[in-house]
Each structure stands twice: as structure tokens, then as C-alpha cells.
Amino acid sequence: NAGVTQTPKFRVLKTGQSMTLLCAQDMNHEYMYWYRQDPGMGLRLIHYSVGEGTTAKGEVPDGYNVSRLKKQNFLLGLESAAPSQTSVYFCASSKLAGPVDTQYFGPGTRLTVL
Amino acid sequence: EDQVTQSPEALRLQEGESSSLNCSYTVSGLRGLFWYRQDPGKGPEFLFTLYSAGEEKEKERLKATLTKKESFLHITAPKPEDSATYLCAVRGVSSGSARQLTFGSGTQLTVLP
């Protein structure tokens, strides 16, 4: 199994440009998450999904949109990129299994907005 | 609001020099405390989940323990390959259907040969 994969690995955008980050998992997990990681700060949740066709806001959702049309894919979109969105983005997934489950992370996408 | 504080921010050890990393937390009803390892340029890699005070888990040179207010990651006789950033995260009752994790900012461990 490949686990959680993310594309692209790196991207540079100009302010105002748009892009989509793709996350895919082959573990048949119900839950999927998008986090951002900034220096000196912990991972922060942007959006999440509890199943195909459902999405919800996390801690820092402004400026981002998501979609989960297929169970194995979770897309993160930036409609009009801003320098404050320069960060490393991680996707994670977990299985719906009781009150506590483990999140497994992808390798990350490093995004720079100029 | 759930909070996680990790200390120290950075730690340098000589190979074989044992030490501990600290994770202090406040959470409304702990559902689980998680330890991850993160190598430079990589995603977090799951290490342990602890559920209740008094619980301990071990994996090779690592041992995680949990009290009602903090968790420790003990590293015994570390090797250079143990160098990484170690992340602590908690899930509380308030995370609800999101099952959201609250992360600390991590401890960057460097083990010198």
C-alpha cells in the first residue's frame, strides 16, 4: 500500500493565483484531514471530511475550500493565494474505529506564495 | 480549548546519552495522546497512542508514559538515526465528530555520534 500520497510536492504561486492540492489514500479510511504546518507552531487543522461527499471547517479554514467527491481523494483549493498561505500542507486519514483512531499523514506539499 | 506544550524546543544529545522529552497538556476529557516522529521534509510518522494515566508503551529505544497532566517520551541510549522532531498531540471530548488533534510545536532532537 502507498498509504497517503500528496501532489504536488512543491509549488510556487504568485499572489492571487489559484491552485489545487490533491491527497489520495488507499487504506479505505473514512476520515480525511488537511493541516498546515508553520515554523514554531503546531499542525493546525484547515478542513476535514468524515466521509465521501461531506466536508467541514477546522481551526483555520479562511481562504481555503475542499471537496471529497470520492472516498479515496480529498482536494484542497486556494482560490486567490496570499503570502500568508505560504506553508507546508499535510493531508492525513484515519479509519472510523471506535472513540479513538490514529491519523496517518502524507509526505506534505511545500507551498510558497510570492 | 485543548492545549499542548512541548519542552524543550530543541535537545542535543551524545550517542548513548539517555533523556526525556516532555509534553504538557490541558484537555477537556482526554480521548487519546499521540506521539509522532517527523524527519526533515517528511510527514509525521505515528509512534504511540496513550489513552489513560499510568499507561506506558515501548518501541525499540523509545518509551512513552502518561500522567493526568503530561506525557514523557524517554529515549534510552539514542543513536544518530533517532534525530528528528518529535510531535505530541491530544484529542479531547470537545473534538466531537471532527476527531481533531491539537498538536504541540515539537521537540527537535539531535543525536551526535
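Observations on the structure shown:
- Between B:ALA89, B:ALA53, B:ALA64, the GNM of chain B built on Cα springs shorter than 10 angstrom shows B:ALA53 fluctuating the most.
- Within chain B: Cβ-based charge dipole about Cα centre, in debye rounded to nearest 20 (Lys, Arg +1; Asp, Glu -1): 280 debye
- Value of Rg to Rh for the protein assembly as shown (Rh from inverse mean 1/r over Cα pairs, i.e. Kirkwood): 0.97
- The stretch B:17-81, Cα convex hull volume normalised per residue, Å³: 96 Å³
- Cα→Cβ-extended label distance, 7 Å offset, between B:LYS79 and A:SER67, nm: 4.7 nm
- Convex hull of Cα atoms in the stretch A:4-95, direction-averaged projection (nm²): 5.5 nm²
- Inter-chain neighbour count for A:33-41: the average number of beta-carbon atoms from partner chains within 10 Å of each residue's beta-carbon is 3.
- Taking 12 Å as the cut-off, no amide N atom of the stretch A:32-70 comes nearer than this to a point 7 Å along the Cα-to-beta-carbon line of A:GLN17.
- Check: chain A dipole with +1 on Lys, Arg Cβ and -1 on Asp, Glu Cβ, in debye: 260 debye
- Only the Cβ atoms of Lys and Arg (+1) and of Asp and Glu (-1) were treated as charged; on that basis the dipole of the protein assembly as shown about its Cα centre amounts to roughly 420 debye.
- Look at the dipole of the protein assembly as shown built from charges on Cβ: of A:GLY108, B:PHE34, B:LEU47, the Cα furthest out on the positive end belongs to A:GLY108.
- Based on C-alpha pairs under 8 angstrom that are at least 6 apart in sequence, chain B has a relative contact order of 37 percent.
- For a modelled paramagnetic label at A:GLU59, 7 Å from Cα along Cα-to-Cβ, the residues of the stretch A:1-36 in reach, with backbone nitrogen under 19 Å, are A:32-36.
- Residue order, fewest to most beta carbons within 10 Å, for A:VAL66, B:VAL27: B:VAL27, A:VAL66
- Dividing the alpha-carbon radius of gyration of chain B by the rule-of-thumb value 2.2 N^0.38 Å gives 1.03.
- Among beta bridges that DSSP assigns inside the protein assembly as shown, antiparallel share in %, nearest 5: 90 percent
A short reminder: the numbers here are calculations on the coordinates, not readings from a lab. Note that the structure is a prediction, hence the values are computed from the model and not measured. Cβ coordinates were reconstructed from backbone atoms using ideal geometry, including for glycine residues, and neighbour counts include every protein chain displayed.
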